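Below is one structure; the comments refer to it alone.
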Amino acid sequence: MTINVDFLFQWAPGWTNYESVIAVLQSDKRFCCRLILLPFHHSGVLDHENREAREFLEQREIDYIWHEDYDFANKRPDLVFIQNPYDFTRPERFSCLELKRENIKFAYIPYGLDVGDGEQNLSYQYNMDCHNLASWIFVRSSQHKHFFKKYCAAGNKKVHVTGHPKFDAYRKYQNVNVERKTPHTPVLLWTPHFYEEGRKGWSTFKVYCMAMLFMAINYPIKLIIRPHPLFMGRLRLCNGEVVEMFKNLISYAKTYENITFDMNPSYQDSFLNADALLADAGSFLLEFLPSKKPILYLTHSECRGLNESAKFIHESHYVASDEQDIDDFVKMLLANDDPKYDLRMQALKENIFIPEKSVGDEIRKVLLSQVRK
C-alpha cells in the first residue's frame, strides 16, 4: 500500500525544511512523493511566477509540478506538507481552510525556529488555521511542543517532537573541512532581520549598520552580509535613512574586498565558511548552534525581545545591546577566545532534539504509524 505525499513548495530558502524528509520518503518504497510549485506572494507583491523558487529547483534538477497543472483529484494525496502558515501567500485552493474542506490532511514543519516575542508573533507561530487544522506538526523539542499547548487553541495532541529537518541539512556540513589560509582572517556572518518603518520589531539594522561597517573596515576580518529573505521586499516599503544605509552597504562592498553579500537562496555555504554569527532575533540563533562556533545575539532597547522558549539565549550566547558589545565580541574572536562555548553546547543539548539517525527518518516513522488509520 503506497502512501502518497505531496509537498507544497513556495520559498527557496525554506528548502531545508523539506530536503531530508523528501529524501527519506523517496528511499522508502511505501511512499510516493511529488513536489508542487506554488506562487509566493509577500511584502505587498503578487508573485504569480515564483521565478526564484523555479530556478532553484531547476538548477538542482529537482522535478516539480506547477500548481496550475496539479489537481487534487488526480492521484489524490494521503497528505500534503505546507511550507508556511500564511494562506495569503498562495492561491486560495491551497489555503488550510480549503484543504480541510476537501478532506485533505496536511502536515506542517515550522518554517523557522521561532524565537521572537510579541503577542502577534506568537499568534503567527502557534495559533493560525495552519496550526489548528493540521493533522501533524513536527517540532524541534519538547519545550516547543509545550508552547503549542500554551498558545494553540487546538492544543498539542497532533504535535510530534521529531527534531527540525533544518538540522539534517546542517549535519552534512559539520564534517566538511574548510580549507583555511594561514594566517586565517576570521569570517563573520551578519544576518540582519527585515526592517519595518514605524513598527517595533526585531531588526537592529538601523542601529548597528554603521558599527558593522566600521569594524569591517578597521579590523582584520571578513564580513558576509546575508539579509533576511524578506529584507529587500520590506526595504521597498521604507523611505529615507534605512534605504540610504543599505545603499552605503552596497557601495562599501564594491570598494572593500572583505565585505560581501550573500543573496543566494541557500545559506549553507555562508554557514560553512563563517567563523561566527551576528544575528537579530530569528532562526539562525538556534540553527547555527551545531556549528559550535560563537554566536552574537543583536538586540537593543527599541527592539522586541525573545519568547519564553528562547530565553536561554541570554545565558548561552553572547549578547550585544550596544555598539561596544559588538566591538568586544569582534576583539574576542580576534584573540581566539570563546568563554561561552560550554554553555552553548549545553543549550544545544537541552533545547534542540537531534535524533541519532535523522529528523527525516523520525517524520517517516510517524507517518507510517498514523497515515490511513
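Read the figures in this text as sums done on the coordinates, not as results from a lab. Just so we're clear, the structure is a prediction, and the values are computed from it rather than from any experiment. Quick reminder, even Gly has a Cβ in these numbers, built from the backbone with ideal geometry, and neighbours come from all protein chains shown.
Taking Cα centre as origin and charging only the Cβ of basic (Lys, Arg, +1) and acidic (Asp, Glu, -1) residues, the dipole magnitude of the chain rounds to 1260 debye.
Taking a ≥ b ≥ c as the square roots of the eigenvalues of the alpha carbon gyration tensor, the stretch 207-284 is oblate, as a/c is not under 1.5 and a/b does not beat b/c.
Could you tell me what percent of the DSSP beta bridges with both partners in the chain are antiparallel, to the nearest 5?
Details: 2 of 39 bridges.
Antiparallel bridges: around 5 percent, rounded to the nearest 5.
Computed from the Cβ-Cβ distance with R0 of 45 Å, the FRET efficiency linking Ser301 to Asp63 stands at 0.35.
Extending 7 Å from Cα along the Cβ direction at Glu119 and again at Arg34 yields two label points whose distance is 4.3 nm.
Rounded to the nearest 500, what is the chain's calculated 222 nm mean residue ellipticity when only DSSP H runs of at least 4 contribute -39500 (n - 2.57) each, over all residues?
Details: 16 runs with 138 residues, N = 373.
Here the helix-only value at 222 nm equals -10500 deg cm²/dmol.
Taking amide H as placed 1.01 Å from N in the peptide plane, Gly116 has its amide H under 5 Å from the amide H of Asn307, each at least 5 places away in sequence or on another chain. Could you work out how far the C-alpha centroid of the stretch 28-106 sits from that of the stretch 5-25, in angstrom? Here the answer is 10 Å between Cα centres. In terms of surrounding Cβ atoms within a 10 Å radius of their Cβ, Arg90, Arg60, Arg364 rank from fewest to most as Arg60, Arg90, Arg364. By the gyration tensor of its Cα atoms, with a ≥ b ≥ c the square roots of the eigenvalues, what is the shape of the stretch 178-351: rounded for a/c under 1.5, prolate for a/b over b/c, or oblate? Oblate, since a/c reaches 1.5 and b/c is not below a/b. Amide H to amide H distances under 5 Å link His160 with Ile137, Phe138, Val139, where only residues 5 or more positions off or on other chains count and H is placed in the peptide plane.
Here the spin labels are modelled as points 7 Å beyond Cα on the Cα-Cβ line, and at Asn264 and Asn218 they lie 3.2 nm apart.
3J(HN,Hα) along the stretch 277-291: 10, 10, 9, 5, 4, x, 3, 4, 4, 9, 5, 7, 3, x, 5 Hz, from the Karplus curve 6.51 cos²θ - 1.76 cosθ + 1.60 with θ = phi - 60°, whole Hz, x for Gly and Pro. Calculate I(q)/I(0) for the stretch 45-120 by the Debye formula, one identical point scatterer on each C-alpha and no solvent, and give its log10 at q = 0.11, 0.13, 0.24 Å⁻¹ to two decimals. At q = 0.11, 0.13, 0.24 Å⁻¹ the computed log10 ratios are -0.37, -0.52, -1.37. As a rough footprinting exposure proxy, the listed residues His193, His41 were ranked by other beta carbons within 10 Å of their own, and the order from fewest upward is His41, His193.
Our analysis of the chain gives Rg over Rh at 0.96, with the two radii drawn from alpha carbon positions and Rh computed by the Kirkwood formula.
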